[in-house]
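Q: What follows is a structure written as structure tokens; I'll ask about it next.
The values are calculated or read from the model by the stated rules, or taken from the named source; none is laboratory data. Keep in mind that this is a model prediction, so the values were computed, not measured. Here the Cβ is made from the backbone with ideal geometry for all residues, glycine too, and neighbour counts use every protein chain on show. Please note that ligands, DNA and RNA were not included when accessible areas were found on the heavy atoms of the full protein model with its side chains. Shrake-Rupley method; radii C 1.70, N 1.55, O 1.52, S 1.80 Å.
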Amino acid sequence: MKSAPLLLTAVVLIMPGLAATADPLVEEETFPGAFSGSVLLTNEYVFRGLSQTDDVPAVQGSLDWSHEIGAHAGIWASNVDFAGANIEIDYTLGFGRAIDKFDWDVTAIYYTYPGAVSSLNYDFFEIAGAVGYDFDRVAAWLGVNYSPEYFGDSGDAVYLSGGIDIPLFKVVTLSANVGYQSIDVNDNFGTDNYVDWGVALGATALGFDLSVGYTDTDLPDDQCADGDSCGIVLFSVSRSF
């Protein structure tokens, strides 16, 4: 009986060597495209100016695939704090190209909230289009998202947005964005149509992306989380791989 721990130890010591010499199921070179991913920690998850975690930090992660022809797909996840939902998982499939300093992209996005009661109708689909141009000293972009049936069974919705990125001192980037969200059935969603905006400073250190910013909307306080002010200071740190 005393030999069992020794046998277990031997197996543990030998297995890494076996794993290291085992052939992969699929050679990386034979699979088209390339995979990438990221992990992000933030003091609050904010989507289009509205908190999704009610003053609670969020851990987010993504796994993406892209091909040189412009096709791409991905999966993204975060914790949330909704009635009956604690996690959000989004799936994307799109196509985009860059031509010199101009780029464009069209992406289908499916937002899901696993575990939420189906009658809440949290899951929804969007089609998103975006164009951008790099003016050397500033990069600018414009986007439009359309959903035929938005979050919470709130009818068709359109989100118009735009933003700029300005490099500062070669190590810091100033970003600013503004958007307008229109919703067909405002009572179901819980807010009026609204404008959101944000500013942020970003930098990279030791392979980590750091960001600090502020986001707000023109909604009255009673339409924000728990009647708090919509203005939120955001901090985040992320790592891509």
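Q: Among Tyr194, Tyr214, which is among the hydroxyl-bearing types (Ser, Thr, Tyr), surrounded by 14 or more Cβ atoms within 10 Å (Cβ to Cβ) and touching a strand residue (DSSP E or B) at 6+ places or on another chain (Cβ under 7 Å)? Lay out the reasoning, then the answer.
A: On the way: Tyr214 fails: surrounded by 14 or more Cβ atoms within 10 Å (Cβ to Cβ).
From the options Tyr194, Tyr214, the qualifying one is Tyr194.
Here is a yes/no grid of residues against (1) free of Cβ contacts under 8 Å to residues at least 60 places away in the same chain; (2) among the charged types (D, E, K, R); (3) part of a strand (DSSP E or B):
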{"position": "Val131", "(1), (2), (3)": "yes, no, yes"}
{"position": "Arg137", "(1), (2), (3)": "yes, yes, no"}
{"position": "Tyr150", "(1), (2), (3)": "yes, no, no"}
{"position": "Pro167", "(1), (2), (3)": "yes, no, yes"}
{"position": "Val178", "(1), (2), (3)": "yes, no, yes"}
{"position": "Asn188", "(1), (2), (3)": "yes, no, no"}
{"position": "Thr191", "(1), (2), (3)": "no, no, no"}
{"position": "Ala203", "(1), (2), (3)": "yes, no, yes"}
{"position": "Gly213", "(1), (2), (3)": "yes, no, yes"}
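Q: Next question. Going by the structure shown, is Ala85 under 17 Å from the mean Cα position of the chain (by Cα) and among the small types (Gly, Ala, Ser)? Let's see the steps before the verdict.
A: Details: under 17 Å from the mean Cα position of the chain (by Cα): no; among the small types (Gly, Ala, Ser): yes.
Criteria not met by Ala85.
Q: Pick out the one residue from Ala98, Ala108 that is part of a strand (DSSP E or B), of a type outside the set (Lys, Arg), out of contact with any helix residue (DSSP H, G or I) (no Cβ under 6 Å at 6 or more places or on another chain) and surrounded by fewer than 13 Cβ atoms within 10 Å (Cβ to Cβ). Show your work before the answer.
A: Working: Ala108 fails: surrounded by fewer than 13 Cβ atoms within 10 Å (Cβ to Cβ).
Testing whether each residue is part of a strand (DSSP E or B), of a type outside the set (Lys, Arg), out of contact with any helix residue (DSSP H, G or I) (no Cβ under 6 Å at 6 or more places or on another chain) and surrounded by fewer than 13 Cβ atoms within 10 Å (Cβ to Cβ) leaves just Ala98.
Q: Can I ask one more? Please work out if Asp103 is assigned to a strand (DSSP E or B), farther than 18 Å from Gly179 by Cα and more than 15 Å from the chain's Cα centre (by Cα). Steps first, answer last, please.
A: Values: assigned to a strand (DSSP E or B): yes; farther than 18 Å from Gly179 by Cα: yes; more than 15 Å from the chain's Cα centre (by Cα): yes.
Against the criterion (assigned to a strand (DSSP E or B), farther than 18 Å from Gly179 by Cα and more than 15 Å from the chain's Cα centre (by Cα)), Asp103 qualifies.
Q: Being in a loop (DSSP other than H, G, I, E, B) and hydrophobic (A, V, I, L, M, F, W, C) is the filter; apply it to region 41-81 and report the residue that is surrounded by the fewest Cβ atoms within 10 Å (Cβ to Cβ). First the steps, then the outcome.
A: If we filter region 41-81 for residues that are in a loop (DSSP other than H, G, I, E, B), which is where we start, we get 43-45, 48-49, 52-57, 67-70.
Now drop any that are not hydrophobic (A, V, I, L, M, F, W, C), which leaves 56, 69.
Values: Val56: 13, Ile69: 10.
Here the answer is Ile69.
Q: Only one of (1) under 30 Å from Ser118 (Cβ atoms); (2) open to solvent by 50 Å² or more (accessible area, probe 1.4 Å) fails for Ser154. Which number is that?
A: Checking Ser154 against (1) under 30 Å from Ser118 (Cβ atoms); (2) open to solvent by 50 Å² or more (accessible area, probe 1.4 Å), the one that fails is (2).
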